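J.: I have a structure here, written as structure tokens, and I will follow up with some questions on it.
The values are calculated or read from the model by the stated rules, or taken from the named source; none is laboratory data. Note that this is a predicted model, so its numbers are computed, not measured. Here the Cβ positions follow ideal geometry from the backbone for every residue, glycine too, while neighbour counts run over all protein chains shown. Please note that ligands, DNA and RNA were not included when accessible areas were found on the heavy atoms of the full protein model with its side chains. Shrake-Rupley method; radii C 1.70, N 1.55, O 1.52, S 1.80 Å.
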Amino acid sequence: MCGIVGAIAQRNVVPILIEGLKRLEYRGYDSAGLAIVEDGQLYRKREVGKVRGLEALIAQDAIQGNIGIAHTRWATHGKPSTANAHPHVCRDKVAVVHNGIIENHEQLRNNQKAVGYEFTSETDTEVIVNEIYGALENTDNLLGAVKESIKKLEGAYALGVVAKDHPNTLIACRKGSPLVIGVGIGEYFIASDVAALLPVTQRFMFLEDGDVAEITIDKVVIYDKDDNLVDRSIKESQLKADSVEKGLYRHYMLKEIYDQPWAISEALEGRFIDNRLQESAFGHNAGEVFDQIESIQILACGTSYHAGLVARYWFEKLAKVPCNIEVASEYRYRKPIVPPGTLVVTISQSGETADTLAALQEAKKLGAKYSLAICNVPESSLVRESDLVMMTRAGPEIGVASTKAFTTQLATLLLLVIAIGRRFGLTKELENKISSELFSLPGKIEAVLQLDDKIKQLSEQFAEKQHALFLGRGTHYPIAMEGALKLKEISYIHAEAYPAGELKHGPLALIDAEMPVITVAPNNSLLEKLKSNIQEVSARGGQLIVFMDETLAAENDVNVQIIKMPPVENEISPIIYTIPLQLLSYHVAVLKGTDVDQPRNLAKSVTVE
Ligand code: AGP
């Protein structure tokens, strides 16, 4: 999704802006641009495609300056084009970069056209820069002009603003989209996320919803949504500039797949004392909240939703607590019922997914008293807006396709299952069993990673395929869904997942020799049923690839290939069986030559509806 970077310094800020944009590339984008105020002029450069294209363009004209804003755009209103790329400029005087969506842009556009503004883009952003320009006709104060203008905006925005006649002022504001201020020594920066600024600072102020900041070379002045002067404390990020680099790995996604043993250890670190899960790991008053809980509602999108689907099985089977789950984008408009005693659990890697945030707000409006976020980004909006929090600690996830965020979500959800289950009769024995299985995960994931070469060979069968089916049962049905999502998003092969028992109700009609059917078949109580489903596919000539426990007697057949997996206990099995599906999608995508880390049309953090 769109990325913002801005800087004000006593040195040339262009290299800082370009480096910042490169560090935001992972969010997904289709064009990039930059505006600099220098020598009484406003310079702007924009380019469709990669940031390196913009960099080359800027090098031709040797643009430099001490204040500027830059942007990577992920098209929402209007196609990817130079005209639609940010910054947007009004009459060579004001430049704006924007993340989010202005919902009343049509009305504002009509009003502005009526008084003579000409539009050069199809974006919703251009109305913002025009409003600010208009407001500056009545004041010589850029901060005041921005404050006046944003009163007219409906929707979500994070903005960076510079103006030709205000060469010493950078304005930043946010409502519904994230924005941070980086604090350097005698210089300040703004960005959509801290990753953009790590080479220049590790000190950040996190703007809150409704904040407007006036940034000059020697200070930052912030006003909150009610126009009160406020302090936002400076927080030190634990991230280092190289923690968002891919090292010797060919792609971030591969690195992140291989990060998983370490990431899961991090997720569990310090959460147990004397082998007993500490409920304070969810927040200081977590125990009191959990005592009130009678049911759980999980809200999430995409891969995080799949983690929630697995957790629903766990909550009901292991913890014996009723659990619902819903895709956040549907929940927010459905007028659902939130019974008293509901714990609303949101799951999100980024903590900035607009639909998940809105669903949480909706749940609160509908009476939810308790909320808990499972999240990977400590400073995110979701974390700030939730009563309780469990950080997944997967470290920065840069590949658009979520990998380590998913498996750490599952591991931390199992911790929540233990904590809630204690109140619903989860036995000490089962609690201890799950806990020790969790600690065995890093070693078991290492063992599955050893299958990488075999899975790479397997991927060669996929490169020419148009479609694939994924099958699973029980907790492994959501794992099949996750496998299908991974294959779709990075290899662009159409893939669907079904609970294997559902095959004969329709999808069986798709089976022929051209249809690979990937089946997740751990050694559990559903195995015999699953074997019958496998037979149904095999009998119709389908090409089966079965990930199966190595202790089971099963061998390759003409149209059945078995990949033997290390034995694993039921509770943690979904986490383990995720790994080969991640590797499979990765290798298929590499063979197909797609942009693995930044697949077409997708964004890492979906901050618009
Ligand atoms: C996963 O591979 C996807 N990129 C996507 O489905 C993602 O999980 C979804 O957009 C939710 O993001 P979040 O976890 O940051 O809320």
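Here's the yes/no breakdown for (1) modelled with pLDDT under 95; (2) touching a Lys or Arg at 6+ places or on another chain (Cβ under 9 Å); (3) open to solvent by 40 Å² or more (accessible area, probe 1.4 Å):
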| residue | (1), (2), (3) |
| --- | --- |
| I273 | yes, no, yes |
| R276 | yes, no, yes |
| V310 | no, no, no |
| V321 | no, yes, no |
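J.: Identify, please: which residue in region 400-448 is aliphatic (A, V, I, L, M), open to solvent by 10 Å² or more (accessible area, probe 1.4 Å) and in a helix (DSSP H, G or I) and is, among those, nearest to the ligand (Cβ to nearest atom)?
T.: A447
J.: Quick one: which helices (runs of 4 or more DSSP H) lie wholly within region 283-361 and hold at least 1 residues that are within 16 Å of the ligand (Cβ to nearest atom) and at positive phi?
T.: 302-314
J.: Step by step: first the residues of region 331-359, then only those that are open to solvent by 20 Å² or more (accessible area, probe 1.4 Å) and hydroxyl-bearing (S, T, Y), then the one that is nearest to N99 (Cα to Cα). Which residue is that?
T.: Here the answer is T353.
J.: So R393 ticks every box in (1) buried (at least 24 other Cβ atoms within 10 Å of the Cβ); (2) within 15 Å of the ligand (Cβ to nearest atom) but one. Which box is left unticked?
T.: With (1) buried (at least 24 other Cβ atoms within 10 Å of the Cβ); (2) within 15 Å of the ligand (Cβ to nearest atom) applied to R393, the lone miss is (1).
J.: Kindly provide the set of residues from region 375-391 that are closer than 15 Å to L239 by Cβ and in a loop (DSSP other than H, G, I, E, B), ordered by number.
T.: Hits for region 375-391 are N376, V377, P378, E379, S380.
J.: Which numbered condition trips up I296, out of (1) open to solvent by 80 Å² or more (accessible area, probe 1.4 Å); (2) closer than 21 Å to T392 by Cβ?
T.: Checking I296 against (1) open to solvent by 80 Å² or more (accessible area, probe 1.4 Å); (2) closer than 21 Å to T392 by Cβ, the one that fails is (1).
J.: Quick one: K175 ticks every box in (1) in contact with a helix residue (DSSP H, G or I) (Cβ under 8 Å, 6 or more places away or on another chain); (2) open to solvent by 30 Å² or more (accessible area, probe 1.4 Å); (3) assigned to a loop (DSSP other than H, G, I, E, B) except a single one, so which number is it?
T.: (3)
Let's see how each residue does on (1) touching a Ser or Thr at 6+ places or on another chain (Cβ under 9 Å); (2) in a loop (DSSP other than H, G, I, E, B); (3) within 30 Å of E316 (Cβ to Cβ):
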{"site": "A213", "(1), (2), (3)": "no, no, no"}
{"site": "I222", "(1), (2), (3)": "no, no, no"}
{"site": "D227", "(1), (2), (3)": "no, yes, no"}
{"site": "K235", "(1), (2), (3)": "no, no, no"}
{"site": "Q238", "(1), (2), (3)": "no, yes, no"}
{"site": "D242", "(1), (2), (3)": "no, no, no"}
{"site": "K255", "(1), (2), (3)": "no, no, no"}
{"site": "A263", "(1), (2), (3)": "yes, no, yes"}
{"site": "A267", "(1), (2), (3)": "yes, no, yes"}
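J.: Output the number of residues of region 577-595 satisfying the condition of being among the β-branched types (V, I, T) and surrounded by 23 or more Cβ atoms within 10 Å (Cβ to Cβ).
T.: 3
J.: Can you tell me which residues in region 1-37 are touching a strand residue (DSSP E or B) at 6+ places or on another chain (Cβ under 8 Å) and in a helix (DSSP H, G or I)?
T.: Across region 1-37, the qualifying residues are V14, I16, L17, I18, G20, L21, L24, E25, R27.
J.: Now for a different question. Of these, G155, G78, which one is under 24 Å from the mean Cα position of the chain (by Cα), open to solvent by 10 Å² or more (accessible area, probe 1.4 Å) and within 25 Å of I18 (Cα to Cα)?
T.: Answer to the check: G78.
J.: Kindly check whether there is at least one residue in region 460-474 that is buried (at least 19 other Cβ atoms within 10 Å of the Cβ), modelled with pLDDT of 95 or more and within 16 Å of the ligand (Cβ to nearest atom).
T.: yes
J.: If you don't mind, another one. Restricting attention to region 360-369, does a residue exist that is farther than 21 Å from G100 by Cβ and either open to solvent by less than 40 Å² (accessible area, probe 1.4 Å) or at pLDDT below 90 (or both)?
T.: yes
J.: To continue, here is another question. Could you list all residues from region 378-408 that are modelled with pLDDT under 95 and basic (K, R)?
T.: Within region 378-408, R384, R393 meet the criteria.
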